[in-house]
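Below is one structure, written out as C-alpha cells; comments come after it.
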Amino acid sequence: MPLFGNTFSPKKTPPRKCASYSNLHTLDRSTRETELGLEYSTPAMNLTGQSLKFENGQWVAESGSFTDCRREMQRLLKRNQQMQEENNLLRLKVDILLDMLSEVTAEVHLMEKEVEELKSHSRRRK
C-alpha cells in the first residue's frame with residue numbers, strides 16, 4: 001500500500017463499436033426532409049381572435065391591428081400604477097397609525113404607573 005500514491009484507479013471504458021446503425025446520415029437533405037417531416041413553417045397562434053405569427057424575433061399580427069389591445073394594456077398599466085401608489089399611501093397611513101397607537105399606549109402605561117404610585121403614596125400617609 002503506497003503512502004503518497006493514488007490508490008484509486010478506475011478501469012478504462014472500452015471504445016464504442018459503432019457510432020450509429022442509422023442510415024439517415026447517408027440520405028441527402030431533401031430526402032431527409034420528406035422522410036422525417038422537417039418542413040416547418042413559422043410559429044403561429046391565435047389569441048382572443050387575433051392571429052399572430054413569429055417573424056424576425058417578434059410576434060406580428062396577421063390580421064387587424066392591436067390598437068385595442070395596446071389601449072387596454074396601457075389602461076391596465078395606468079390602473080396598476082394608481083393601485084401601487086394607493087397601496088403605498090395606505091401602508092404609510094398604517095405605519096403612522098401604529099406609531100400613534102404605540103405612543104398613546106406608552107402614555108397610558110405611564111399614567112397608570114403614576115396613578116398606582118399616587119395611590120400607594122396616599123395609603124402610606126394614612
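The values are calculated or read from the model by the stated rules, or taken from the named source; none is laboratory data. Keep in mind it's a predicted model, so treat the numbers as computed, not measured. Here Cβ is always computed from backbone atoms with ideal geometry, including for glycine, and neighbour counts include all displayed protein chains. Surface areas here come from the heavy atoms of the whole protein model, side chains and all, with no ligands, DNA or RNA. Shrake-Rupley method; radii C 1.70, N 1.55, O 1.52, S 1.80 Å.
With the biggest extent put first, the Cα atoms of the range 41-125 measure 101, 23, 20 Å across the principal axes. The dipole here belongs to the range 41-125: it is taken about the Cα centre, uses +1 on the Cβ of Lys and Arg and -1 on the Cβ of Asp and Glu, and is about 140 debye.
Apply 1/(1 + (r/R0)^6) to the Cβ-Cβ distance of residue 108 and residue 73, taking R0 = 35 Å, and write down the FRET efficiency to the nearest 0.05. Between residue 108 and residue 73 the formula returns 0.10. Here r is the Cβ-Cβ distance between residue 121 and residue 99 and R0 is 22 Å; the resulting FRET efficiency, rounded to 0.05, is 0.10. Think of a 1.4 Å ball rolled over the protein heavy atoms: the range 41-125 then has 93 Å² of accessible area per residue.
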